[in-house]
Each structure stands twice: as C-alpha cells, then as structure tokens.
Amino acid sequence: MTAPTPEEAAAQAAARFAQGCTCAQAVLATCAPALGIAETTAMRLGAGLGAGLGGLRETCGAVTAMAAILGLRHGPEAPMDAKAKAALYKEVQAAIADFDAAFGTHACLALLKKASIRKQAGDAPEARTPDYYARRPCAAFVRFCAERALR
C-alpha cells in the first residue's frame with residue numbers, strides 16, 4: 001500500500017474512526033504505510049491509546065498517536081542523541097500547540113465536555129451507534145492528527 005498524502009490521510013483516518021477504530025488506531029493505521037509498518041501492528045499499537053490513554057480521558061488518543069508517528073518519522077535512534085531528541089520534542093510540542101489552537105485543548109475529557117458528552121475516566125467503551133458518531137467530535141481530531149503527523 002502506498003503512503004497517503006497528508007490530505008488523504010485526514011480523510012482515511014476519519015473513515016477508519018467511523019468504522020470502529022479508536023481515535024489512536026485510526027491515525028496510526030492510516031499512517032502505517034508512510035512509517036513502513038504493518039497496518040496490523042499499527043492497530044495493535046493504537047488499541048491501548050484510545051479514549052485518552054486506555055479510557056483514562058487524559059491526552060487525546062489521536063494526539064498521542066500523532067506524537068508516536070512524529071517519533072517514528074523524526075526520532076533519534078541513538079538514546080544519547082540529545083540534539084535529535086530536542087528537535088523531536090520541539091516538533092511534537094509544535095504539533096500539539098497546533099492541535100490546541102484548533103480545538104482549545106488536547107485533554108480527552110475536556111474535548112468531550114466541550115461537546116456536552118459526559119464521560120468519566122474508566123468508563124467502559126460505548127457501543128458504536130449512529131448516535132455515538134453524531135455526538136462525538138473525535139472525527140475532526142483524527143483528521144487533524146493524521147494530516148499533521150504526515151506534514
């Protein structure tokens with residue numbers, strides 16, 4: 001499979017989310033071809049990152065996936081490469097600042113509350129129904145993060 005353009009990745013990630021992927025899975029699996037990893041690996045990697053890190057409603061799973069992708073694309077291989085690590089941190093921080101500028105925060109719980117969705121940390125995943133998707137703003141988050149990760 002060929003790597004999507006950033007614009008294609010945005011659309012593909014939203015479609016994956018609408019098909020039942022977690023926010024993190026949607027971003028990681030979409031970007032897998034650009035990273036040289038198998039889609040199945042990306043799906044498994046992203047499974048525990050959704051719903052704000054395993055349902056804890058902390059950092060948005062799409063944002064966490066975006067940071068992981070930036071690490072795979074630009075991260076240092078040598079653990080003591082402080083210059084490369086600092087450059088990666090700067091890139092991740094810029095990407096998160098872009099997300100925050102677009103959506104006001106990168107905290108899952110706050111993002112859901114802005115959409116009047118009353119979820120708590122540790123709540124069981126909801127059934128993926130038409131109402132679930134109609135109420136959730138998450139498709140916009142996965143679109144943003146997939147596009148930004150491949151820019």
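The values are calculated or read from the model by the stated rules, or taken from the named source; none is laboratory data. Computed from a prediction, not measured in an experiment: that's the story for all the values here. All Cβ positions, even for glycine, are placed from backbone atoms using ideal geometry, and neighbour counts span all protein chains on display. In case anyone asks, the SASA skips ligands and DNA or RNA and just uses the protein heavy atoms, side chains included. Shrake-Rupley method; radii C 1.70, N 1.55, O 1.52, S 1.80 Å.
Would you be able to tell me the number of residues in region 96-151 that are in a helix (DSSP H, G or I), touching a Lys or Arg at 6+ places or on another chain (Cβ under 9 Å) and of a type in the set (V, I, T)?
Matching residues across region 96-151 total 1.
Out of all the residues in region 101-118, which are in contact with a helix residue (DSSP H, G or I) (Cβ under 9 Å, 6 or more places away or on another chain) and closer than 19 Å to T64 by Cα?
Correct list: A102, F103, G104, T105, H106, A107, C108, L109, L111, L112.
What are the residues in region 61-79 that are open to solvent by less than 50 Å² (accessible area, probe 1.4 Å) and under 16 Å from T30 (Cβ atoms), if any?
Passing the criteria: G61, A62, V63, T64, A65, M66, A67, A68, I69, L70.
Do the conditions hold for E91, that is, is it more than 24 Å from A134 (Cα to Cα), part of a helix (DSSP H, G or I) and among the charged types (D, E, K, R)?
yes
May I ask you to list the residues in region 33-51 that are in a helix (DSSP H, G or I) and crowded, with 23+ Cβ neighbours inside 10 Å?
Across region 33-51, the qualifying residues are A42, G46, G50, A51.
Limited to region 17-47, what total is found for residues that are more than 12 Å from the chain's Cα centre (by Cα) and of a type outside the set (A, V, I, L, M, F, W, C)?
8
Quick check on my filter: what residues within region 1-13 are open to solvent by 20 Å² or more (accessible area, probe 1.4 Å) and not in a loop (DSSP other than H, G, I, E, B)?
Of everything in region 1-13, those that are open to solvent by 20 Å² or more (accessible area, probe 1.4 Å) and not in a loop (DSSP other than H, G, I, E, B) turn out to be P6, E7, E8, A11, Q12.
Take A82 and decide whether it is hydrophobic (A, V, I, L, M, F, W, C), modelled with pLDDT of 95 or more and open to solvent by 60 Å² or more (accessible area, probe 1.4 Å).
Spelling it out, A82 is indeed hydrophobic (A, V, I, L, M, F, W, C), modelled with pLDDT of 95 or more and open to solvent by 60 Å² or more (accessible area, probe 1.4 Å).
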